[in-house]
Amino acid sequence: MCEHDDLDEFARRSSDVTRRQFGAMALGAGVVAALPRLADAAETKGTDVEIKTPDGVADAYFVHPAKGTYPGVLIWPDIFGLRPAFKEMATRLAESGYSVLVINPFYRTKKAPTAPDHPDFNDPPTRQALMTLAGTLSADTAVTDAKAFVAFLDIQPSVDKKRKVATTGYCMGGPFVLRTAATVPDRIGAGATFHGGGLVTDKPDSPHLLIPQMKAHYLIAIAENDDQREPQSKNVLRDSFAKSHLPAEIEVYVGTQHGWCPPDARVYNHDQAEKAWSRMLALFSSSLA
């Protein structure tokens with residue numbers, strides 16, 4: 001496999017994003033106020049966990065309803081890694097009735113947090129540090145981690161093993177969603193990517209070429225400015241899913257910029273992020289039998 005094709009595509013994409021579009025992140029406690037709460041939210045239990053993999057010990061956050069068993073969900077964060085915003089997103093998902101694992105993808109190099117507070121991706125040293133971290137990941141590490149993280153979910157008392165697992169990914173996490181679904185196709189029933197970078201490349205191990213190996217149903221939520229740079233990617237994905245007879249909702253979200261879903265992003269688009277969230281819940285409801 002080519003080691004860094006997903007990263008190369010992310011680098012090309014992110015290099016086009018201006019300071020205004022993809023600048024400082026607000027990683028502090030104020031993040032939680034940005035996410036709406038469910039009126040009938042389930043009581044949840046969350047804890048930091050460690051997961052042994054063939055490459056080391058991954059730090060992660062696992063959260064689930066306090067009682068009962070529920071479908072498992074694996075979340076792949078963006079390049080800024082495991083942080084309060086993603087723990088809050090995981091908790092919100094757990095409140096809807098899921099057992100959710102959000103991981104530190106860079107555990108081989110350092111424990112979370114892996115980005116500084118309020119990182120500015122356009123600051124050269126910050127950008128270089130983050131891209132160096134991303135450069136430690138590859139198609140091979142994605143396969144290793146997918147197996148380990150899904151196996152972790154499957155031994156948790158709060159996970160309903162009779163139901164399929166879902167996986168979601170943001171930005172650089174998008175390709176990991178497709179690679180996870182191809183690695184453990186009998187367990188992954190739903191996949192959702194949000195402003196995913198590098199889903200379609202011209203390389204021999206492009207993530208979209210793995211679609212014939214999958215059994216999952218999909219949501220692909222595309223940022224408008226990403227689509228403007230790569231207008232054919234959505235068509236390639238639609239054709240690939242259709243040929244494999246896999247349901248896939250592929251939509252460009254009008255008015256959004258790359259990175260619009262996490263609530264700590266400068267480009268956070270509340271209305272469109274809520275729309276994408278509701279479509280994700282609909283996908284999970286229909287696909288995790």
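If you take the residues of segment 111-135 that are charged (D, E, K, R) and over 19 Å from residue 58 (Cβ atoms), which of them is farthest from the chain's Cα centre (by Cα)?
Among residues in segment 111-135 that are charged (D, E, K, R) and over 19 Å from residue 58 (Cβ atoms), the one farthest from the chain's Cα centre (by Cα) is 123.
Let's see how each residue does on (1) touching a strand residue (DSSP E or B) at 6+ places or on another chain (Cβ under 8 Å); (2) without any contact (Cβ under 8 Å) to a residue 12 or more places away in the chain; (3) of a type in the set (Ser, Thr, Tyr); (4) open to solvent by less than 30 Å² (accessible area, probe 1.4 Å):
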{"residue": "192", "(1), (2), (3), (4)": "yes, no, no, yes"}
{"residue": "203", "(1), (2), (3), (4)": "no, no, no, no"}
{"residue": "213", "(1), (2), (3), (4)": "no, no, no, no"}
{"residue": "216", "(1), (2), (3), (4)": "yes, no, no, yes"}
{"residue": "238", "(1), (2), (3), (4)": "yes, no, no, no"}
{"residue": "251", "(1), (2), (3), (4)": "yes, no, no, no"}
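Within the group 90, 66, which residue is crowded, with 23+ Cβ neighbours inside 10 Å and not acidic (Asp, Glu)?
Values: 66 fails: crowded, with 23+ Cβ neighbours inside 10 Å.
Just one listed residue meets the conditions, 90.
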Quiz item: From 108, 163, which residue is within 14 Å of residue 60 (Cβ to Cβ) and surrounded by fewer than 23 Cβ atoms within 10 Å (Cβ to Cβ)?
Solution: 108
Quiz item: Given the residues 289, 242, which is the only one that is at pLDDT below 95 and over 18 Å from the mean Cα position of the chain (by Cα)?
Solution: 289
Quiz prompt | Breaking point among (1) surrounded by fewer than 21 Cβ atoms within 10 Å (Cβ to Cβ); (2) in contact with a Cys (Cβ under 9 Å, 6 or more places away or on another chain), for residue 221 | solution = (1)
Quiz prompt | Close pairs from segment 100-120: first assigned to a loop (DSSP other than H, G, I, E, B), partner among the acidic types (Asp, Glu), Cβ under 6 Å, at least 6 apart | solution = 104/59; 107/59; 108/55; 111/59; 112/59
Exercise. List every residue pair whose Cβ atoms lie under 9 Å apart, where the two residues are 6 or more positions apart in sequence or sit on different chains, the first residue falls within segment 37-48 and is closer than 9 Å to residue 96 by Cα and open to solvent by 100 Å² or more (accessible area, probe 1.4 Å), and the second residue, located anywhere, is modelled with pLDDT of 75 or more and not in a loop (DSSP other than H, G, I, E, B).
Key: 40/95
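Conditions tested, residue by residue: (1) within 24 Å of residue 281 (Cα to Cα); (2) modelled with pLDDT of 95 or more.
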site	(1), (2)
21	no, no
39	yes, no
52	no, yes
55	no, yes
61	yes, yes
72	yes, yes
82	yes, yes
116	no, no
120	no, no
Quiz item: Within segment 228-236, is there a residue that is free of Cβ contacts under 8 Å to residues at least 40 places away in the same chain and open to solvent by less than 20 Å² (accessible area, probe 1.4 Å)?
Solution: no
Quiz item: For segment 273-284, does any single residue satisfy the condition of being surrounded by 20 or more Cβ atoms within 10 Å (Cβ to Cβ), touching a residue at least 60 places away in the same chain (Cβ under 8 Å), more than 14 Å from residue 192 (Cα to Cα) and not aliphatic (A, V, I, L, M)?
Solution: no
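The values are calculated or read from the model by the stated rules, or taken from the named source; none is laboratory data. Here the structure is a predicted model, which is why all the values come from computation and not from measurement. When we count neighbours, we look across all protein chains shown, and the Cβ atoms used for this are built from the backbone with ideal geometry, even at glycine. These accessible areas exclude ligands, DNA and RNA; they are computed on the full protein's heavy atoms, side chains included. Shrake-Rupley method; radii C 1.70, N 1.55, O 1.52, S 1.80 Å.
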